[in-house]
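A quick write-up on the structure given underneath.
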C-alpha cells in the first residue's frame, strides 16, 4: 500500500460546484476557517497540494492558488522542501487585544499618563482607525485602499517565492542594507522614470514598510515638535497620524477643484516647514492638482526653504489618459520627497513601499530608518524584484487598470440608479475610490456606522477633516469589490438612506 504524505487530514472541506464562488476560493475559505477555529493548530503541517487535490477531486493548480492566497495573507508558512504549515502568528492575532486572565498589579493597572503628542494623534485619527479595525471582517464593498486580491497572480508569486528560496544563502539570514536590496531599487528607479517621470538614481531610493513609514521618516528627520506642516483639508488620516506622531502642528489648507490651495497655505502659515500633498489623485476628494498649483507649491517651497512630501499612492490607475507625471519631475531645487507603496498595487500584506529622497537627505533618511527597524524583509524584496524584472508588475497594472475602470463605471451607474438625488457620484479620471456626496442635512458618520452594521464598509468624508467638515459624504472604494458586491453594496446603502 503506498505511503500517504504527512499532513493534517482536512475532512471538513466540502466543495460545492453549483456555487458562484470558484473552487480555489472555497478551499481558501475552508482552510482559513479551520485555522481561525483552531481545528488546525499553529505549526501544524498541511497536506501537500498534490494530496489535497486528490482528496478533493480538483486539479493541483486549484489547490496551489488557494494556498498561495493563504500564504500571501499570512495564514500559512511555506518551508522549502518541507511543505506548508499553519502560521504560528495569524493576522487576526495583531488586531485583537488579549484580556489577561488575572488582574494586573495595582501599580501597573493605574491609568497611564499618555504623551500630549499621542493624545493629539489619537484625537484626529481615532474614528477612522476604529472604523478600519471594526471593518476587518466585513465584506469588500466599499473597502478603501485595497486592490482586487482575487485577481492577484498568487500562483506566479508563489513560484517566484520558491525560486528565491532555492537561491537563499546564509548571507540572506543576516542584517541587510538599510536602503533595501540594490536590484529592487534599480527596478523601482527604472519603473518610476518611465511611468511617472520621476528623476532619480537607485541610490536615492529607500525601501520602507509603506507610505506611512515613509512619511514618518521624513517628518522625524526634518520636523521639530511644534513645526507647522501644511495638510490637505480634507486629507488622508494616515498621513495626519504619522505627522502628529512626530509633534508636527498641522495647518489645514483647503482643497478645491485644482488641488491644494497654495495661496490659502501662504496666508495661514507662510513659513511652514513642510507640506503633505497627494497631487495625482487627492485623498479623499480625487481631484488632480493643476499645473499652476504645482508650480506655485514648488515656488513656495523654494522661497521658504521648506519640504514637500508627495504621496503618489495610486497614480498608476488613470483612465482618461496616460498617468500624469509626478510633482517631483518638476522640482529643480530638490525640495520634493516622493513616496509610493506596493500595498495598493499588489496586496496590503506585502508591506513594501519606497522613498525617493533628494540627494541631500539620502544619508539622513537611511540613519533614521536604521534606528526605526533596520530594514525591510529580504525575501519579499527579492520576490518583488523578480516580479518587476520579468515584466509581471507592469502587466498586472495594465490588467487592473482596465478592471478598476469597469468597477468604477458600475459603481457610478448603480448609485445613480438606486440613489440619484441622495448620493451624488461622478466618474473620476483615475484611482481606486470615489466620493459620494450627501445632502448637508445627513450625518455621514451615522450612515457609515449603519452601513457597517449591515456588513458594508465605507468611510465618512467628515472623518477626513481637521476642522469643521465642509461637505457630507461617503468615501467608496471599488477596487476590491466584485461586480455583484458593488451592486449589493449600493442597494444596501439605498435601504439605509431611504430609512432615514
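The values are calculated or read from the model by the stated rules, or taken from the named source; none is laboratory data. None of these values were measured; they are calculated from a predicted model. Using ideal geometry, Cβ is built from the backbone for each residue, glycine included, and neighbour counts are taken over all protein chains shown.
Among the criteria (1) without any contact (Cβ under 8 Å) to a residue 40 or more places away in the chain; (2) touching a strand residue (DSSP E or B) at 6+ places or on another chain (Cβ under 7 Å), the one residue 432 does not fulfil is (1).
Test residue 334 against the criterion of being on the phi > 0 side of the Ramachandran plot and in contact with a helix residue (DSSP H, G or I) (Cβ under 7 Å, 6 or more places away or on another chain), and give yes or no. Spell out how you get there, then give the answer.
On the way: on the phi > 0 side of the Ramachandran plot: yes; in contact with a helix residue (DSSP H, G or I) (Cβ under 7 Å, 6 or more places away or on another chain): yes.
Taking the combined requirement at face value, the residue satisfies it.
Of all residues in the stretch 446-477, which are part of a loop (DSSP other than H, G, I, E, B), over 30 Å from residue 250 (Cα atoms) and modelled with pLDDT of 90 or more? Hit for the stretch 446-477 is 456, nothing else.
Table: residues versus (1) modelled with pLDDT under 95; (2) surrounded by 24 or more Cβ atoms within 10 Å (Cβ to Cβ); (3) under 27 Å from residue 209 (Cα atoms).
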site	(1), (2), (3)
227	no, no, yes
240	yes, yes, yes
247	yes, no, yes
269	no, no, no
278	no, yes, yes
287	yes, no, yes
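Has the stretch 340-359 got at least one residue that is under 30 Å from residue 271 (Cα atoms), part of a helix (DSSP H, G or I) and over 20 Å from the mean Cα position of the chain (by Cα)? Walk me through how you get there before you give the answer.
Of all residues in the stretch 340-359, those under 30 Å from residue 271 (Cα atoms) come to 340-341, 353-359.
Retained after the next criterion (residues that are part of a helix (DSSP H, G or I)): 359.
Narrowing the set further to residues that are over 20 Å from the mean Cα position of the chain (by Cα) leaves 359.
Scanning the stretch 340-359, I find at least one residue that is under 30 Å from residue 271 (Cα atoms), part of a helix (DSSP H, G or I) and over 20 Å from the mean Cα position of the chain (by Cα), so the answer is yes.
Looking at 454, 405, just one residue is outside the structural domain of residue 239 (by TED's automatic domain parsing), in contact with a helix residue (DSSP H, G or I) (Cβ under 8 Å, 6 or more places away or on another chain) and more than 30 Å from residue 268 (Cα to Cα), and that residue is 454. The numbered conditions (1) touching a strand residue (DSSP E or B) at 6+ places or on another chain (Cβ under 6 Å); (2) without any contact (Cβ under 8 Å) to a residue 24 or more places away in the chain; (3) not in a strand (DSSP E or B) are all true for residue 301 except (2).
Yes/no matrix, rows are residues, columns are (1) in the same structural domain as residue 284 (by TED's automatic domain parsing); (2) modelled with pLDDT of 70 or more:
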| position | (1), (2) |
| --- | --- |
| 83 | no, yes |
| 100 | no, no |
| 116 | no, yes |
| 121 | no, no |
| 132 | no, no |
| 144 | no, yes |
| 166 | no, yes |
| 176 | yes, yes |
| 190 | yes, yes |
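This table checks each residue for (1) assigned by TED's automatic domain parsing to the domain that holds residue 341; (2) buried (at least 17 other Cβ atoms within 10 Å of the Cβ); (3) more than 30 Å from residue 500 (Cα to Cα).
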site	(1), (2), (3)
352	yes, yes, yes
418	no, yes, no
440	no, no, no
447	no, yes, no
460	no, yes, no
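Those helices (runs of 4 or more DSSP H) of the stretch 192-298 in which at least 1 residues are over 26 Å from residue 342 (Cβ atoms), outside the structural domain of residue 433 (by TED's automatic domain parsing) and out of contact with any helix residue (DSSP H, G or I) (no Cβ under 8 Å at 6 or more places or on another chain), considering only elements entirely within it, cover 262-268. The residue that is surrounded by the fewest Cβ atoms within 10 Å (Cβ to Cβ), among those in the stretch 304-344 that are out of contact with any strand residue (DSSP E or B) (no Cβ under 7 Å at 6 or more places or on another chain) and modelled with pLDDT of 90 or more, is 332.
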